[in-house]
Amino acid sequence: MKPEARRELFARLAELNPKPTTELAYRSPFELLVAVILSAQATDVGVNKATRRLFPVANTPEKMLALGEEKLKPFISSIGLFNAKAANVIAMSRLLIERHGGKVPHDRDALEALPGVGRKTANVVLNTAFGEPTIAVDTHIFRVANRTGLAPGKTVRAVEDKLMKVVPPEYRLDAHHWLILHGRYVCKARKPDCPNCVIRDLCAYKAKTPG
Ligand code: SF4
């Protein structure tokens, strides 16, 4: 995709949604970190349903540690992989207290050293809690980047690196949310809604859904 087309693509997504953000409910970096850990292979709606009950009880590392793994499980048992996630949330809370004074670190290496936190989770926290122009490539962004020709790549990391190079700087902070929302609601995996897509004329996907 040519640079002018990329700029136009983001200008249109920005016009539709000038202030995009995550659909995960959170009120602090710690709540966001917990929600993102819980969201692996789960929907944001499902995570929000669980955290609506969990956060009033435990919304700091200290309170989470006091709650403990066994009492945490019933709050998140509707979410896939909840046993492993409960263990990670408790171990992550303990490390935050031991190494970071109970605060979520504003640092990629420190974030990725926490249990249950990989590159994607670190990118979401850096972007959404700390305002860094990172792009967390999930299944939606991977699909949109490849279909449109915006940033084609065979692996998630290749797409992330390409996006960091080609997204115009003024759109980099919010690119992550625009692309996720576009993938979730318009450029869907099975049947992309091409007839109603605002970037249809810029998109290189050959198998567009006919109008
Ligand atoms: S035209 Fe279709 S394939 Fe291209 S971005 Fe829009 S919905 Fe996705």
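The values are calculated or read from the model by the stated rules, or taken from the named source; none is laboratory data. Here the structure is a predicted model, which is why all the values come from computation and not from measurement. No Cβ is skipped: glycine too gets one built from the backbone with ideal geometry, and neighbour counts run over all protein chains shown.
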_For the structure I just gave you, tell me whether THR60 is loosely packed, with under 15 Cβ neighbours inside 10 Å and touching a Gly at 6+ places or on another chain (Cβ under 8 Å)._
no
Per the filter on region 125-140, residues of a type in the set (A, V, I, L, M, F, W, C) and touching a residue at least 40 places away in the same chain (Cβ under 8 Å) are VAL125, ALA129, PHE130, ILE135, ALA136
Being assigned to a helix (DSSP H, G or I), basic (Lys, Arg) and touching a Lys or Arg at 6+ places or on another chain (Cβ under 8 Å) narrows ARG143, ARG157, ARG99, ARG184 down to just ARG157
ILE135 vs (1) surrounded by fewer than 21 Cβ atoms within 10 Å (Cβ to Cβ); (2) in contact with an Asp or Glu (Cβ under 9 Å, 6 or more places away or on another chain): all pass except (1)
task: Evaluate region 195-203: report whether one residue or more is outside any helix (DSSP H, G or I), near the ligand (Cβ under 8 Å from one of its atoms) and either within 18 Å of GLN41 (Cα to Cα) or among the hydroxyl-bearing types (Ser, Thr, Tyr) (or both).
output: no
_Taking the conditions exactly as written (over 30 Å from ALA66 (Cα atoms), away from the ligand (no atom under 16 Å from the Cβ) and surrounded by 19 or more Cβ atoms within 10 Å (Cβ to Cβ)), does ASP161 satisfy them or not?_
no
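Please state which one of VAL186, VAL166 is within 13 Å of the ligand (Cβ to nearest atom), touching a Pro at 6+ places or on another chain (Cβ under 9 Å) and among the hydrophobic types (A, V, I, L, M, F, W, C).
On inspection, the qualifying residue turns out to be VAL186.
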- request: Using the structure shown, decide if LEU111 is outside any loop (DSSP other than H, G, I, E, B) and within 25 Å of GLU160 (Cα to Cα).
  value: yes
Matching residues in region 45-62 (of a type in the set (A, V, I, L, M) and part of a loop (DSSP other than H, G, I, E, B)) number 2
Within region 25-44, the count of residues that are farther than 20 Å from GLU69 by Cβ, modelled with pLDDT of 95 or more and either part of a helix (DSSP H, G or I) or within 14 Å of the chain's Cα centre (by Cα) (or both) comes to 4
When region 106-158 is checked residue by residue, the ones that are within 30 Å of THR209 (Cα to Cα), out of contact with any helix residue (DSSP H, G or I) (no Cβ under 8 Å at 6 or more places or on another chain) and either more than 16 Å from the ligand (Cβ to nearest atom) or among the small types (Gly, Ala, Ser) (or both) are GLY149, LYS154, THR155, ALA158
